[in-house]
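One structure below.
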Amino acid sequence: MRDDPPRPATLPPGYDEEDPYEDVDLSTYPAWWRENIEEFRRHEMRPYRPPRFADGEIVPPALLELEAELGVEIRLHAVNPEVGKNWEILVDGERIGEVGRTREGAGFTQYAIDAAEFAALVRDGVA
């Protein structure tokens, strides 16, 4: 169950109550994070907040670690990007499973799987 109130539709595109990167040295963030911050800014979107697993672990570094460990490419892919639809988990382009996700009021995507469960699913899919 979500505890965030819905975001009012009357807010202009890119509006956010806070900018988490204001007065922050972006060079302290990993390259993938900085690239997403800039991409979101170019498209006048809300500030980038990385996706998380159900346990709160940030997704991109976990994917990068698994990719390096297993020598594969891992992608989370929207089959049907409608709200409430599951996303595919792809390893080297092959579907190995799917995962639910929600867009949280704070502006990040949360996948309905813990990081450890996700890693086990990917490892099983590669094996």
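The values are calculated or read from the model by the stated rules, or taken from the named source; none is laboratory data. As the structure is a prediction and not an experimental result, all values here were calculated from the model. FYI the Cβ positions are ideal-geometry reconstructions off the backbone, even for glycines, and counts take in every protein chain you see. The protein model used for the area step is the full one, side chains on, heavy atoms only, and it has no ligands, DNA or RNA in it. Shrake-Rupley method; radii C 1.70, N 1.55, O 1.52, S 1.80 Å.
So for region 27-37 (the condition being buried (at least 16 other Cβ atoms within 10 Å of the Cβ), among the aliphatic types (A, V, I, L, M), out of contact with any helix residue (DSSP H, G or I) (no Cβ under 6 Å at 6 or more places or on another chain) and closer than 16 Å to Val122 by Cβ), does at least one residue qualify?
no
Anything in region 38-47 that is surrounded by 10 or more Cβ atoms within 10 Å (Cβ to Cβ), farther than 17 Å from Arg103 by Cβ and not acidic (Asp, Glu)? List them, or say none.
Answer for region 38-47, where residues must be surrounded by 10 or more Cβ atoms within 10 Å (Cβ to Cβ), farther than 17 Å from Arg103 by Cβ and not acidic (Asp, Glu): just Arg41.
Filter region 48-88 down to residues that are among the aliphatic types (A, V, I, L, M) and in a strand (DSSP E or B) and give me whichever is surrounded by the most Cβ atoms within 10 Å (Cβ to Cβ).
Keep residues of region 48-88 that are among the aliphatic types (A, V, I, L, M), which gives 54, 58-59, 62-64, 66, 68, 70, 72, 74, 76, 78-79, 83.
Cutting the leftovers down to in a strand (DSSP E or B) gives us 58, 74, 76, 78.
Numbers: Ile58: 15, Ile74: 20, Leu76: 17, Ala78: 11.
So the residue we want is Ile74.
Assess whether Arg95 counts as being open to solvent by 50 Å² or more (accessible area, probe 1.4 Å), more than 13 Å from Ala112 (Cα to Cα) and of a type outside the set (Ser, Thr, Tyr).
It is true that Arg95 is open to solvent by 50 Å² or more (accessible area, probe 1.4 Å), more than 13 Å from Ala112 (Cα to Cα) and of a type outside the set (Ser, Thr, Tyr).
Quickly run through region 72-88 and pick out the residues that are among the β-branched types (Val, Ile, Thr) and at pLDDT 90 or above. I'd like the intermediate steps shown before the answer.
Going residue by residue through region 72-88, those that are among the β-branched types (Val, Ile, Thr) are 72, 74, 79, 83.
Answer for region 72-88, where residues must be among the β-branched types (Val, Ile, Thr) and at pLDDT 90 or above: Val72, Ile74.
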